[in-house]
1. Can you name the helices (runs of 4 or more DSSP H) wholly within region 33-91 that have at least 3 residues being of a type outside the set (D, E, K, R)?
2. For Leu318, state whether it is surrounded by 14 or more Cβ atoms within 10 Å (Cβ to Cβ), without any contact (Cβ under 8 Å) to a residue 60 or more places away in the chain, farther than 30 Å from Arg405 by Cα and within 51 Å of the chain's Cα centre (by Cα).
3. Determine whether Ile51 is in the same structural domain as Val114 (by TED's automatic domain parsing), touching a helix residue (DSSP H, G or I) at 6+ places or on another chain (Cβ under 9 Å), farther than 13 Å from Ile96 by Cα and surrounded by 14 or more Cβ atoms within 10 Å (Cβ to Cβ).
4. Listed residues Ala411, Ala404, Ala366, Ala355; which is surrounded by fewer than 20 Cβ atoms within 10 Å (Cβ to Cβ), of a type in the set (Gly, Ala, Ser) and closer than 20 Å to Asp337 by Cβ?
5. Among the candidates Gln213, Gln288, single out the residue that is among the polar types (S, T, N, Q) and surrounded by 15 or more Cβ atoms within 10 Å (Cβ to Cβ).
6. Provide a single number: the residues in region 112-135 that are in contact with a Phe, Trp or Tyr (Cβ under 7 Å, 6 or more places away or on another chain) and not in a strand (DSSP E or B).
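The values are calculated or read from the model by the stated rules, or taken from the named source; none is laboratory data. Predicted model, so just to flag it, every value in this text is computed and none were measured. Using ideal geometry, Cβ is built from the backbone for each residue, glycine included, and neighbour counts are taken over all protein chains shown.
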Amino acid sequence: MEDRLQLLVEAVVDYGIFLLDTEGHVVSWNSGAQKLKGWRKDEILGKHFSIFYPPEAVATGWPDEELRRAARDGRFEDEGWRVRKDGTRFWANVVITALREPGGGGALTGFAKVTRDLTERRAHEEALRTSEERFRLLVDSVRDHAIFMLDRDGKVQSWNPAAEAIHDQPAEQAIGLQFRMLFSPPEREAGRPEAILEQARIHGRTEDEGWRQREDGTRFWAKSVVTAVYGRSGEPLGFAVVTQDLSQQRRMEDLERSSRRLNDFIALLAHELRNPLAPIRNGVTLMQMDKTLSPPLVKVRDIIDRQLAQLTRLVDDLLDVSRLTTGKITLRPERVDIAEIVRHSVETVRPLIDARRHELHVDVPAHAGLLVEGDPTRLAQVLQNLLVNAAKYTPDGGRISLSARRAGNDAEVIVHDNGRGIAAQDLDRIFELFAQGETAPGAFPDSGLGVGLALARQLVRLHGGRMMARSAGVGQGAEFSFRIPLAKGL
């Protein structure tokens, strides 16, 4: 029987099986031990088993501690680094069993030691731990998506930093919380959380958008993707949830819808207001042709004429707002001389300038050759807007200068006044839609909608140019200029 047992031990090649005496010296050595550790039987017999341990373990007395514990408890098991004959290390599982004389409490006769090489398994475990750590770091580094796990009953099992920020709830409070508690009360009452998890169970994955609730009771609009998670054998483990806060996007979409509705309303309103303006204008024109009107009627007629002109300008502004915000402004380009644009614009604005008793100086060199490819009507609209603003925001008897020149490959038009000026912080804001400044004392009342400069800059941009504003400050005048590329060949 002993011979058969010895043959069995010798036949084992995947385990190192050998005996130690009571002091830890090797007294037997199977083929598995030789394969595992590299020593032949004649080389190792009589050696102390501490030769199998790294120097740092020997220095701490760990081999003797293993024997002491095995002797005390009857058996000792450990995992750690061991050393082969060639000095290489391997990760081993070691079981040491104390051997005693037959009978209860017999004297210690030695130890049986079984060693197994677990290096490959440990490498797999380390790789798995590394992969899990990398995945954890990846999940924790995500800042705009809440990522967390639920168990099969819908309780939170993990909670990344983004989940803390989005749901405004620390991990220690969220762990163990029911999934349904993340929803608003109306959705909880409707059974929405349970329905989402059930859909994920049935289909493996489901998407949902709706209101979620934070710890403080505030709500946010969220998009969630819930995925059922299964083990290797197919058993359900729980759910992975990825939630994104779409509150800002939802607000932007609401604003876009409101903007579209507003633009539609403005366009409809402008067209409806424009229809009665034509017959009123015709009526005023007929009254102007009648030389027999009494002075009171003439005064009334002139009031109607002025207010009609103002109303017409407001309606035109409304239409331009609609075209500007919807991108429907179109140009009819042709080769046009900037000098002609200047002449036409000055003629149009001259009555306002004269009414304010302003001094206007125009400097456009003769035969300057400032030809551009542009829409003459829209370019005149730009320049007229700048001249009207200069007249409105300059006290009576002010000075306005208008000049045009060649600047490289561009034609540059400059309008300068000595009026109220512009504060430094308002230089960019004045080009915003509906932006208006406060009317300065003595300035022409501003009854427009505040779209002129925004429209003018957009028209210049459509011509491939740019518009700028300069001012030394309040009360120190202002300068507006725009540049447009010269026609090709110039």
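1. Qualifying helices (runs of 4 or more DSSP H): 55-59, 62-73.
2. So Leu318 fails the test.
3. Values: in the same structural domain as Val114 (by TED's automatic domain parsing): yes; touching a helix residue (DSSP H, G or I) at 6+ places or on another chain (Cβ under 9 Å): yes; farther than 13 Å from Ile96 by Cα: yes; surrounded by 14 or more Cβ atoms within 10 Å (Cβ to Cβ): yes.
Taking the combined requirement at face value, the residue satisfies it.
4. Unique residue meeting the criteria: Ala366.
5. On the way: Gln288 fails: surrounded by 15 or more Cβ atoms within 10 Å (Cβ to Cβ).
None of the others qualify; the one that does is Gln213.
6. Count: 3.
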